[in-house]
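Here is the structure we will look at, set down as structure tokens.
The values are calculated or read from the model by the stated rules, or taken from the named source; none is laboratory data. Worth saying up front: this structure is predicted, and the values here are computed from it rather than measured. Using ideal geometry, Cβ is built from the backbone for each residue, glycine included, and neighbour counts are taken over all protein chains shown. The area values use the complete protein model at the heavy-atom level, side chains included, leaving out ligands, DNA and RNA. Shrake-Rupley method; radii C 1.70, N 1.55, O 1.52, S 1.80 Å.
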Amino acid sequence: MIQLVELVTVDNEDLAYHYGSDNIDEVFEHERFFNELIKDIPLSFSSHILATEDASFDSLCEKDPYFKQFLAYHDLKFFIKKIKEKSQLTDEEVAGYLKTQFNLHAFPLQKVLYYSYADYLESKGHRLFSASFQAFDHGPVDRKVWRKAQDNLKELQEKNYDFIQKAALNPSIKEFIDNSVKKYANFFDSGQRFENSDQNPTHNNGTPWNRAYSKGRNTLLSDDDIKKYHYLEQIP
């Protein structure tokens, strides 16, 4: 029996797609089909073709114990769906990159994270990464990132590895975020902008933060408001 195994590691999970056939041409054709499905997924896959006693993944693990660490999937449609979900950038991954590469402190970290998200959403019409920003007293804050930075900074910084992997096949993502750092990090790395709301552009009248905060502290900012009113919080 000939087995095809496609391996990928993402979000600290070792995943494998497994396909078996006694026809080597079918295996090669399935590999080509798989490669077509993943061509736009920004993850690194490792492909293996091996001969085993039978078509089971267990027989593959018996032949090479290396595969035991991987969680095997046999439904291609479900595997691709899961991988696509996991390949999307997250708030923690972007924050991990910002913290590891630029050592941003809490206030500029949240501001660069927010402005990266908002600038991209406004210009492209869709999210650069998954995130939820709440109207804290000093501006939009991603609570999940804020908690992780407070309670488990090492784990947050380790998310940098996932960011690098996901951004590797789309350098424009990293370039966009790097440009956000250049534009916003120094601007917001100031105690005055933290203490004085008049110098904090997210506090301008009509901004997404202002509209959310008026409904109550820690209210979620909506993507629709960001698309419509982000221009009101742009820096000079």
query: For the residue pair ASP54 and ASN170, what label-to-label distance in nm results when each label sits 7 Å from Cα along the Cα-to-beta-carbon direction?
result: 4.2
- prompt: 222 nm [θ] for the chain, helices only, -39500 (n - 2.57) per DSSP H run of 4+, per residue, to 500?
  reply: -16500 deg cm²/dmol
statement: Among beta bridges assigned by DSSP with both residues in the chain, the antiparallel ones amount in percent, to the nearest 5, to 85
message: Is the C-alpha gyration tensor of region 137-192 telling us rounded, prolate or oblate? Criteria: a/c under 1.5 is rounded; beyond that, a/b larger than b/c is prolate, otherwise oblate.
response: oblate
message: Exceeding 31 Å between C-alpha atoms, which entries from my cross-link table qualify? They are LYS154/LYS182; LYS77/LYS148; LYS144/LYS183; LYS39/LYS228; LYS77/LYS228; LYS84/LYS111.
response: LYS77/LYS148; LYS39/LYS228; LYS77/LYS228
- request: Work out the charge dipole of region 119-236 with +1 on the Cβ of Lys and Arg and -1 on the Cβ of Asp and Glu about the Cα centre, then indicate which of PHE176, PHE129, GLN199 is farthest towards its positive end.
  value: PHE129
- prompt: Based on Cβ point charges of +1 for Lys and Arg and -1 for Asp and Glu, what charge dipole magnitude is obtained for region 18-138 about its Cα centre, in debye rounded to the nearest 20?
  reply: 700
Assigned charges on the beta-carbon of Lys, Arg, Asp, Glu; region 93-201 dipole about Cα centre (debye): 220
query: On average, how much accessible surface per residue is there in the chain, in Å², for a 1.4 Å probe, leaving out ligands, DNA and RNA?
result: 53
Backbone N under 17 Å from the LYS144 label point (7 Å along Cα→Cβ), restricted to region 92-108: 92-99
query: How about region 25-132: which GluC sites (Glu not before Pro) there are in a DSSP loop, with at most 13 other Cβ atoms within 10 Å of their Cβ?
result: GLU53
- prompt: How would you classify region 94-236 from its alpha-carbon gyration tensor, with a ≥ b ≥ c the square roots of the eigenvalues: rounded for a/c under 1.5, else prolate if a/b is greater than b/c, otherwise oblate?
  reply: prolate
statement: With the dipole of the chain defined by +1 on each Lys or Arg Cβ and -1 on each Asp or Glu Cβ, the option from PHE45, THR219, THR90 whose Cα lies farthest towards the positive pole is THR219
message: Under 8 Å for C-alpha pairs, at least 6 residues apart: give me the relative contact order for the chain, rounded to a whole percent.
response: 19
task: Among GLN69, GLN134, GLN88, determine the one that fluctuates most according to a GNM of the chain built with springs between C-alpha atoms less than 10 Å apart.
output: GLN69
- request: Find how much the distance from ARG127 to ILE80 grows on full extension, using 0.36 nm per residue of separation minus their present alpha carbon separation; answer in nm with one decimal.
  value: 14.9 nm
